[in-house]
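One structure is given here, and the rest of the page talks about it.
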Amino acid sequence: MSHSDPNCIFCKIAEGKIPSRKVYEDEEMFAFHDINPWAPVHFLMIPKEHIVSIAHVEERHAAMLGRMMARVPQLAQQEGCVPYPDGGFRLVSNVGEHGGQEVHHLHFHVIGGPRPWKKG
Ligand code: AMP
Ligand code: ZN
């Protein structure tokens with residue numbers, strides 16, 4: 001993958017250089033379980049391209065991001081979330097210092113399953 005940052009942990013996960021519990025993969029996105037889950041279901045969806053955050057998205061990313069969003073409900077259900085409206089999930093992307101972003105490769109948290117959760 002050409003748009004990769006050799007120092008980025010999520011680029012390494014998307015390339016299989018760091019192990020993860022994979023949820024889904026195709027040519028443009030990768031999804032894997034969060035190592036420190038807040039809830040019964042907690043996985044992350046990332047573009048394979050190294051994009052720093054949602055604040056760094058460009059027009060050329062729009063179709064890929066649309067495909068990622070369209071896949072969220074399917075993967076959430078596959079991983080154990082009950083469908084809307086009784087179940088559902090939370091979809092979160094942290095941006096920058098004030099947003100609480102720790103890993104600087106765009107990711108969407110998909111968090112769900114029966115409550116209580118550890119956080120949120
Ligand atoms: P944030 O940048 O605050 O949205 O959060 C980054 C998320 O990545 C946290 O929920 C971490 O638990 C998760 N995380 C960090 N390293 C790994 C890893 N190697 N595998 C899976 N999840 C990770
Ligand atoms: Zn990266």
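The values are calculated or read from the model by the stated rules, or taken from the named source; none is laboratory data. None of the values given here were measured: they were computed from a predicted structure. Backbone-built Cβ (ideal geometry, glycine too); neighbour counts: all protein chains shown. Quick note on the areas: whole protein, heavy atoms, side chains included, nothing else; ligands and nucleic acids left out. Shrake-Rupley method; radii C 1.70, N 1.55, O 1.52, S 1.80 Å.
What does the accessible area per residue of the range 9-119 come to in Å², with a 1.4 Å probe and no ligands, DNA or RNA counted?
On the way: 6320 Å² over 111 residues.
Ligands and nucleic acids excluded, the result is 57 Å² per residue.
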Could you rank Y24, Y84 by how accessible they are, 1.4 Å probe, largest area first?
Y84, Y24
Could you pull out the GluC sites (Glu not before Pro) across the range 17-77 that fall in loop regions by DSSP (anything but H, G, I, E, B) with no more than 14 other Cβ atoms inside 10 Å?
E27, E58
Which one, P6, W117, A62, projects farthest toward the positive side of the charge dipole computed for the chain from Cβ point charges (K/R +1, D/E -1)?
W117
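Would you check the chain for Lys pairs whose C-alpha atoms are within less than 27 Å, ignoring same-chain pairs closer than 8 in sequence, and give me the count?
On the way: K12/K22; K12/K48; K17/K48; K22/K48; K22/K118; K22/K119.
Lysine pairs meeting the criterion: 6.
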For V52 and E15 in one chain, what is 0.36 nm times their gap in residues minus the Cα-Cα distance, to one decimal in nm?
11.7 nm
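What FRET efficiency would be calculated for the residue pair V95, N36, taking the C-beta separation as r and a Förster radius of 22 Å, to the nearest 0.05?
Details: r = 19 Å, r/R0 = 0.88.
That pair, V95 with N36, gives E of 0.70.
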What ³J(HN,Hα) values, in whole Hz, does the Karplus curve 6.51 cos²θ - 1.76 cosθ + 1.60 give for the range 36-53 when θ = phi - 60°, with x put for Gly and Pro?
10, x, 8, 8, x, 10, 7, 10, 10, 10, 10, x, 5, 5, 6, 10, 5, 6
Taking all protein chains in place and a 1.4 Å probe, what share, in percent, of the accessible surface of the chain do carbon and sulfur account for?
54 percent
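Let me spell out the model: positive unit charges on the Cβ of Lys and Arg, negative unit charges on the Cβ of Asp and Glu, origin at the Cα centre of the range 9-119. What dipole size does that give, in debye rounded to 20?
Numbers: 12 positive and 13 negative charges, 77 e Å.
So the dipole magnitude of the range 9-119 works out to roughly 380 debye.
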Contact order normalised by residue count of the chain, Cα under 8 Å, 6+ apart, percent
31 percent
Percent of Cα-Cα pairs more than 22 Å apart in the chain, please.
32 percent
Scalar couplings 3J(HN,Hα) for the range 84-99 by Karplus 6.51 cos²θ - 1.76 cosθ + 1.60 (θ = phi - 60°), nearest whole Hz, x for Gly and Pro, are 4, x, 6, x, x, 6, 10, 10, 9, 10, 7, 10, x, 4, 5, x
